1. Which of the following residues is under 24 Å from the mean Cα position of the chain (by Cα), more than 25 Å from T162 (Cα to Cα) and among the aromatic types (F, W, Y): Y89, Y69, Y148, Y129?
2. Which residue pairs have Cβ atoms under 9 Å apart, sit 6 or more places apart or on different chains, and have a first residue in the range 328-350 that is within 11 Å of S186 (Cβ to Cβ) and modelled with pLDDT of 95 or more and a second that is aromatic (F, W, Y) and not in a loop (DSSP other than H, G, I, E, B)?
3. Out of the residues in the range 302-354 meeting the condition of being closer than 14 Å to A247 by Cβ and part of a strand (DSSP E or B), tell me which one is most open to solvent (accessible area, probe 1.4 Å).
4. Do we find that R130 is surrounded by fewer than 22 Cβ atoms within 10 Å (Cβ to Cβ) and either under 23 Å from K200 (Cα atoms) or at pLDDT below 90 (or both) in this structure?
5. Only one residue in I212, I229, I204 is among the aliphatic types (A, V, I, L, M) and closer than 20 Å to T354 by Cβ, so which one is that?
6. Can you tell me which residues in the range 174-189 are in a helix (DSSP H, G or I) and touching a helix residue (DSSP H, G or I) at 6+ places or on another chain (Cβ under 8 Å)?
7. Here's a check for you: in the range 10-19, which residue that is open to solvent by 10 Å² or more (accessible area, probe 1.4 Å) and in contact (Cβ under 8 Å) with a residue 60 or more places away in the chain is nearest to G123 (Cα to Cα)?
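The values are calculated or read from the model by the stated rules, or taken from the named source; none is laboratory data. The structure presented is a predicted model; accordingly, all values stated were derived computationally and were not measured. All Cβ positions, glycine included, derive from the backbone under ideal geometry; neighbour counts span all protein chains shown. Heads up: the accessible areas ignore ligands, DNA and RNA and are worked out on the full protein's heavy atoms, side chains in. Shrake-Rupley method; radii C 1.70, N 1.55, O 1.52, S 1.80 Å.
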Amino acid sequence: MVKIVSTVAIFVNTLWPLGSGGELATYLYAKLMQDVGVKPIFIINELDEIAHQHKFKVISFRRVGRGKYSISLDFKALVKILRDVDVTYFVASDLELIPFIKMFINKPVVVHIHSYYPLCPIGHMYNFYRNKVCDGSWSDCAKCIWRYEAQRRNFSEAFLSTTLNSTIGGFFLRTLRLADAIIFVSEAQRRIFLELSSKKGVYISPEKTYVIYNPLPDLKPVEMEGDDIGFLGGFDPIKGFKILYEAWKKIFPKHPQNRLYVTKGKPSKVLEKFGIIVYRRLMPPIEILRVIRVVRALAVPSLSPEPAPYVCIETLLYGRLLVASNIGGIPEIIGGLPGVRLTPPGDEDKLADTLEWILSLKREEAVELGLRNHEGIIKRFDNSKSVKQLIEIFEKLSSR
């Protein structure tokens, strides 16, 4: 007999709109769960003002350590809460608690993977030491992490991240063997994860893995008021800004009236010479609309095999064209839609040609393709189906 699940404990680092795609998907799932009578209880690492803006029960426990290398000390309070839930649901946070829950509380453990963490300690599966997609070897891990972090952090922070992630970081991957179910967001992500985790010496049974496509946020088409290009990935090297920059420089002499809008970066006179306008971090969704309104397309030239980036889905929901890398779960999620063009990752010439095509379109042509993108992504995915699949996994595990 199937047991009806009434309460789920959700372990996540922070609450949307903080965080990234994993936090957004978790927020949407929590709302959908509530709509069908399942009560979510959020257990987060830091309790801040964002928590009071949500209608969920939110709990934060005292922790010691740094980031994912911290641990809660309030075990008694944690046990008291978890005894009254049906399922524990981890979203790339607090994975160190999985052995504790399996040994002392005996509740089903479901892990939802939205990036490549913990297979890759920094979540990208891109080898910055060899400048190619990672093949799963531990041998380059420290050198890769250092190359990546040294571009983003000061020396002491980069050194600490490299040391921890290339040593203790492997522990978190091993905790997945204790999970009762592991959920991925695309078939491409699951395939990569299963192939490379075994290469790292951690076998994960395919029978306990599932693919559920992320729920769609409720976004409407936005009137197209400009003819420019947008990029929301900042200067993070994994997001492909350098490739986009080189591609843009190739076409800018032909389109000096157009602008490339970049978020999460630092304004620069050098970039402004090429019509590149840089904003600092914009909080979604209201501030992001400042960019969406003036662009006809967004670029997602990622170098890593991203599982199912929300920026691609949101671009289509807003009624915009999209040029993205043909890698990871991207073609699986949005490939084949009329206003989508996929290019090889790292190929600045193909990216430049595609941007040239987008800018050459008449405004009415761009608007029409954008609206067809919106209609296409709405038809492709179904939120009620996604949450139903998730709850069915919860019920299956709870009934054992």
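1. That would be Y89, the only listed residue that is under 24 Å from the mean Cα position of the chain (by Cα), more than 25 Å from T162 (Cα to Cα) and among the aromatic types (F, W, Y).
2. Every condition considered, the pairs that remain are G329/F184.
3. Top of the filtered list is R341.
4. Spelling it out, R130 is indeed surrounded by fewer than 22 Cβ atoms within 10 Å (Cβ to Cβ) and either under 23 Å from K200 (Cα atoms) or at pLDDT below 90 (or both).
5. Only one candidate passes the filter, namely I229.
6. If the condition is that a residue be in a helix (DSSP H, G or I) and touching a helix residue (DSSP H, G or I) at 6+ places or on another chain (Cβ under 8 Å), then T175, L176, L178, E187, A188 are the ones that fit.
7. N13
For every residue, the table says whether it meets (1) over 30 Å from S384 (Cβ atoms); (2) among the small types (G, A, S); (3) open to solvent by less than 20 Å² (accessible area, probe 1.4 Å); (4) modelled with pLDDT of 95 or more.
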site	(1), (2), (3), (4)
K199	yes, no, no, no
E207	no, no, no, yes
D227	yes, no, no, yes
W248	yes, no, yes, yes
S268	yes, yes, no, no
